[in-house]
Amino acid sequence: MKHILTMGLAALLVQGVSAQNPIIRDQFSADPTARVFNGKVYLFPSHDISPLSAYDYPRKDWFCMNDYHVFSSENLTDWTDHGVILDQKNVPWGNPTAYSMWAPDCVQGKDGKYYFYYPNASKQGRGFGIGVAVADKPEGPYKPFEKPIEGVNGIDPCVLQASDGNNYLFWGAGNCAKLKDNMVELADDNPKDTVKWGPREFVMTGVNCLKGLPSRQAEGPFAFEYNGNYYLTYPYVVKDREALGYAMSKNPMGPYEYKGLIMEERDDCWTNHHSIVNFKGQWYLFYHYNYYSPNFDKNRSACIEKLEFNPDGTIKPVTMTLRGVGITKATDKIQIDRYSKISDGVKVDFVYANDPDTTKRFEGWEAIFSKKGDWVEYDDVDFGQNDNLASFAIKAKFNTAKKTIVRVHVDSQTGPVVGEFSTVKFPVGIETSGSLKITGTKTKNPKGVHNVFVELVEGEDVAIDWISFE
Ligand code: FUB
């Protein structure tokens with residue numbers, strides 16, 4: 001195979017986005033595959049857009065995805081968008097109006113180049129193929145190969161780079177075949193397997209590693225190796241929607257033994273799609289949920305949680321949170337609506353909850369404290385090592401004209417007070433600041449990383465967008 005296009009698709013735009021879940025906050029970002037290259041995490045999600053925004057796409061209630069961005073982060077908190085790396089119009093073999101740029105992956109080959117794997121509908125209109133684009137750097141620019149990988153039909157590629165020196169391509173409902181070292185062709189010594197697709201049976205190159213395991217409507221396989229075990233993790237429908245299950249083996253191509261669920265089905269969002277990565281000694285689960293699109297679950301957003309193993313190598317179940325992972329600087333906007341814990345009276349809603357323009361949801365949420373005593377806990381705030389924090393800022397809407405006191409403690413609900421906003425008379429919907437209060441030694445700020453507790457001490461119906469220390 002050879003490259004036929006040299007594309008300058010890597011966008012010049014480099015843009016910072018925020019922390020917590022969801023991690024990408026200015027666009028949808030589904031099917032998040034995370035990889036560590038050169039000490040940074042690179043995120044290769046697919047890019048949901050609203051089907052209503054694509055004038056030439058007839059399926060107004062379906063996945064609509066026309067390009068891919070890549071993001072990177074050094075701390076899982078600050079993400080840089082490197083822009084579009086591939087557009088459906090630039091895939092030589094793809095249908096340029098299919099809007100089917102589904103879940104991708106990217107790995108580094110033995111030649112040091114980065115190979116980006118992506119599903120797409122073919123020009124012939126006969127299902128999905130899996131294409132490859134290559135780059136010298138993870139952020140691109142990527143050059144797509146002329147043809148999809150021969151012998152592979154389906155979606156959701158994932159490449160396992162095994163310690164036996166081989167690269168194994170997984171795709172679809174748990175199919176797996178060894179790749180040649182050129183990363184774009186299946187190896188000649190792959191086994192053949194018989195696969196059922198509805199009533200049809202056909203012979204495929206490779207094996208179906210989920211044959212015989214719980215795997216109803218399985219897709220999105222993600223395989224990795226840890227401590228002498230191979231893990232095949234995958235979304236499948238247990239009851240009504242996709243949960244994340246997994247199986248283990250001593251061999252990349254199996255047989256795999258089913259071990260249980262990593263994440264249960266959620267209340268909304270029919271799909272889940274994930275990846276698992278070790279970054280600086282900690283394992284993380286990347287997955288998606290439709291936080292910005294509660295009424296249409298095909299507009300999804302990438303999220304992260306920590307992932308832990310049991311001593312026998314099995315994986316501990318993961319619960320999704322709004323807080324996610326990563327440390328938030330005290331001087332950043334601390335979005336307490338992405339809480340670690342809340343009391344019963346606190347509700348979270350979009351800042352522009354009643355605006356008919358749904359793109360305003362990317363402005364985020366606020367935490368609405370309904371009554372005195374309501375509180376929110378937000379974990380892992382870094383106050384630094386200096387004593388130079390002098391004031392406390394809060395962006396809030398006050399929906400009644402009552403005297404209001406908002407107090408911020410560190411470490412526990414009764415721990416040292418580090419900020420207080422207090423007012424008797426105020427306009428509704430202000431953005432304002434109070435003074436920093438330190439208990440104990442008045443001259444010192446808290447140092448290092450602390451959990452923060454925000455409490456409504458006086459007042460009612462206060463919607464807090466964020467707090468910050470300056
Ligand atoms: O994003 C489109 C499809 O939905 C993916 O390819 C599947 O894994 C599911 O997340």
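The values are calculated or read from the model by the stated rules, or taken from the named source; none is laboratory data. In this text, all values refer to a predicted model and were calculated from it rather than measured experimentally. As a convention, Cβ positions derive from the backbone with ideal geometry for all residues, glycine included, and neighbour counts pool all protein chains shown. Quick note on the areas: whole protein, heavy atoms, side chains included, nothing else; ligands and nucleic acids left out. Shrake-Rupley method; radii C 1.70, N 1.55, O 1.52, S 1.80 Å.
A few notes on this one:
- Filtering Glu225, Glu305, Glu265 for residues that are in a strand (DSSP E or B), of a type in the set (Asp, Glu) and open to solvent by less than 50 Å² (accessible area, probe 1.4 Å) leaves a single hit, Glu305.
- Residue within region 228-247 that is away from the ligand (no atom under 16 Å from the Cβ), surrounded by fewer than 22 Cβ atoms within 10 Å (Cβ to Cβ) and hydroxyl-bearing (Ser, Thr, Tyr) present: no
- Cross-chain or 6+ apart pairs with Cβ under 6 Å, region 33-49 first and of a type in the set (Ser, Thr, Tyr), then within 16 Å of the ligand (Cβ to nearest atom) and assigned to a strand (DSSP E or B): Thr33/Phe44; Thr33/Asp105; Thr33/Ser275; Ser46/Ala30; Ser46/Asp31; Ser46/Met65
- Restricting region 75-123 to residues that are among the polar types (S, T, N, Q) and in a strand (DSSP E or B), the residue that is most open to solvent (accessible area, probe 1.4 Å) is Gln108.
- Scoring Pro58 on the criteria (1) in a loop (DSSP other than H, G, I, E, B); (2) of a type outside the set (Asp, Glu); (3) more than 13 Å from the ligand (Cβ to nearest atom); (4) modelled with pLDDT of 95 or more leaves a single failure, condition (4).
- Taken over region 15-28, residues that are at pLDDT 90 or above and either open to solvent by 10 Å² or more (accessible area, probe 1.4 Å) or in the same structural domain as Val348 (by TED's automatic domain parsing) (or both) amount to 4.
- When residues of region 349-390 are limited to those that are open to solvent by less than 50 Å² (accessible area, probe 1.4 Å) and of a type in the set (A, V, I, L, M), the one modelled with the lowest pLDDT: Leu389
- Qualifying residue in region 139-162 (condition: of a type in the set (Lys, Arg), in the same structural domain as Phe44 (by TED's automatic domain parsing) and surrounded by fewer than 16 Cβ atoms within 10 Å (Cβ to Cβ)): no
- Sole residue being within 14 Å of the ligand (Cβ to nearest atom) and under 21 Å from Asn208 (Cβ atoms), chosen from His274, His288: His274
- Verdict on Cys303 being free of Cβ contacts under 8 Å to residues at least 40 places away in the same chain, closer than 24 Å to His69 by Cα and of a type outside the set (Lys, Arg): no
- Which listed residue is closer than 17 Å to Pro252 by Cβ and either touching a strand residue (DSSP E or B) at 6+ places or on another chain (Cβ under 8 Å) or at pLDDT 95 or above (or both), from Asp136, Asp111, Asp193: Asp193
- Among residues of region 96-121 that are touching a residue at least 60 places away in the same chain (Cβ under 8 Å) and outside the structural domain of Ala34 (by TED's automatic domain parsing), none has a beta-carbon under 9 Å from a residue that is within 16 Å of the ligand (Cβ to nearest atom) and of a type outside the set (S, T, N, Q) at least six positions away or on a different chain.
- Looking only at residues of region 29-45 that are among the aliphatic types (A, V, I, L, M) and more than 10 Å from the ligand (Cβ to nearest atom), we find that the one that is farthest from Asn299 (Cα to Cα) is Val36.
- Members of region 274-290 found to be out of contact with any Lys or Arg (no Cβ under 8 Å at 6 or more places or on another chain) and surrounded by fewer than 24 Cβ atoms within 10 Å (Cβ to Cβ), listed by number: Ile276, Asn278, Phe279, Lys280, Gly281
- Meets criteria (in contact with a Pro (Cβ under 6 Å, 6 or more places away or on another chain), of a type outside the set (Val, Ile, Thr) and either without any contact (Cβ under 8 Å) to a residue 24 or more places away in the chain or assigned to a strand (DSSP E or B) (or both)) for Tyr246: no
- Of Gly131, Gly127, Gly174, Gly151, all but one fail to be within 22 Å of Ala34 (Cβ to Cβ) and free of Cβ contacts under 8 Å to residues at least 60 places away in the same chain; the exception is Gly131.
- Against the list (1) more than 16 Å from the ligand (Cβ to nearest atom); (2) small (Gly, Ala, Ser); (3) modelled with pLDDT of 95 or more, the condition Gly125 fails is (3).
- Members of region 163-174 that are within 24 Å of the chain's Cα centre (by Cα) and open to solvent by 20 Å² or more (accessible area, probe 1.4 Å): Ala173
- Pairs are defined by a Cβ separation below 7 Å, a sequence spacing of at least 6 or placement on different chains, a first member in region 58-86 that is more than 18 Å from Phe44 (Cβ to Cβ), and a second member that is in a loop (DSSP other than H, G, I, E, B) and within 16 Å of the ligand (Cβ to nearest atom); the pairs so defined are Trp62/Lys298; Cys64/Ile49; Cys64/Ser50; Cys64/Ala54; Cys64/Tyr57; Cys64/Tyr99.
- Among all positions in region 184-195, there is no residue which is in contact (Cβ under 8 Å) with a residue 24 or more places away in the chain, assigned by TED's automatic domain parsing to the domain that holds Leu232, touching a Leu at 6+ places or on another chain (Cβ under 8 Å) and buried (at least 24 other Cβ atoms within 10 Å of the Cβ).
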